[in-house]
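For reference, the structure is listed below as structure tokens.
The values are calculated or read from the model by the stated rules, or taken from the named source; none is laboratory data. A quick note: this is a predicted structure, and the numbers were derived from the prediction, not measured. With ideal geometry, Cβ positions are generated from the backbone for all residues, glycine too; neighbour counts draw on all protein chains shown. Accessible surface is based on the protein model in full, side chains and every heavy atom, while ligands, DNA and RNA are left aside. Shrake-Rupley method; radii C 1.70, N 1.55, O 1.52, S 1.80 Å.
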Amino acid sequence: MHVRVAPIRVHRFPDRETLIRVGSPAPARAVIVRSLDDPNSKLVEVLLAADALRRAGASSVELVAPYIPYMRQDKVFAPGEPVSQRVIASILGRNFDAVFTMEPHLHRIRSLAEVFPTRAVSVSAAPAIASWVKGRGAGTLVAGPDEESTRWVKAIARQAEASWVVGKKRRLGDRDVRIHFGTLPAAMRAVVVDDIASSGATMAAAIRALRSAGIKQVEAVVVHAIFAPGALTMIRRAGARRVVSCDTVAHPTNAIRVAGLFAAALKPTR
Ligand code: R5P
């Protein structure tokens with residue numbers, strides 16, 4: 001973007017409170033870049049940083065959070081639970097002039113505007129993933145683990161000039177997922193794409209289903225590499241040749257860079 005980069009200093013007190021310090025005076029437009037995996041302390045940090053920037057003179061403070069947490073708790077699944085998605089969207093929306101994120105979990109809502117009380121932009125990872133898939137060679141099948149991923153999987157496949165398929169998924173428990181793909185197009189190689197791998201059970205089930213349907217090489221691409229303990233091992237044991245992720249969450253599997261997509265989404269200074 002050809003703009004100035006300034007670090008934000010984060011000091012942690014012995015009682016685990018946080019002190020934020022930004023450069024002063026701040027520019028009129030400030031953009032905080034912070035992915036919010038391992039979320040609880042980072043959420044507080046970005047809120048404090050937004051306040052510090054405004055007090056130092058910024059008239060507009062935007063947030064680029066490539067991964068926004070709590071988006072999957074988008075309804076009360078069992079009595080007594082909160083709708084965490086709305087809580088987090090409301091706090092961020094009230095403190096930032098705009099929020100940019102990538103492939104947020106939008107299964108029960110169609111757009112971020114339904115829950116964020118500010119301009120909220122969902123940047124698609126499809127172009128970056130499609131170009132990675134294209135590099136795997138002709139004849140690669142793009143597979144999504146569930147019907148909810150259809151639109152996204154189709155967009156990746158179209159841009160990669162590949163065929164695609166989505167499975168039917170049933171989750172029976174945190175780490176117990178069953179996936180069934182109907183008739184598969186003939187392919188030697190498949191790439192399973194998903195927005196997030198947490199327990200790894202979804203990705204592992206998709207890989208097993210494709211392999212038992214006769215696809216020899218199956219690779220895994222996730223946008224957000226959350227990977228709970230044991231997840232990567234489970235995915236590799238299911239037979240993944242390779243597991244890669246976008247660099248929305250820092251992780252050794254990061255292989256697909258997305259900074260350019262965010263730079264394009266952030267309009268130049270007004
Ligand atoms: C679900 O709808 C999401 O798209 C992911 O498939 C899911 O959150 C992955 O979770 P896990 O790795 O725990 O199966």
Charge sum, other residues only, whose C-beta stays under 12 Å from A162's C-beta, Lys/Arg counted +1 and Asp/Glu -1: +4
Estimated FRET transfer efficiency (M188, V3; beta-carbon r; R0 41 Å; 0.05): 0.35
Where K134, K169 fall by accessible area, highest first, once all protein chains stay in place (1.4 Å): K134, K169
Distance between modelled label sites at S41 and A113, nm, 7 Å Cα→Cβ extension: 3.8 nm
Rg over Rh, two decimals, the chain (C-alpha only, Kirkwood Rh): 1.00
Exceeding the 29 Å Cα-Cα cut-off - candidates K154/K267; K42/K168; K75/K154; K169/K216: K42/K168
Extension gain (nm, one decimal) between S90 and A259, 0.36 nm per residue minus Cα-Cα: 58.3 nm
Neighbourhood net charge (11 Å Cβ-Cβ; Lys/Arg +1, Asp/Glu -1) for V258: -1
K216 accessible area, assembled protein chains, probe 1.4 Å, Å²: 130 Å²
Near-label residues of the stretch 2-23 by backbone N, under 12 Å of a point 7 Å along Cα→Cβ of S60: none
Cα gyration tensor category, rounded, prolate or oblate, for the stretch 53-123 with a/c compared to 1.5: prolate
DSSP bridge pairs, the chain: antiparallel proportion in percent, nearest 5: 20 percent
Global size of the stretch 125-270 as Cα Rg and Dmax, reported in angstrom: 14.8, 54
Theoretical gain in end-to-end length, R12 to D176 [0.36 nm per residue, Cα-Cα removed]: 55.2 nm
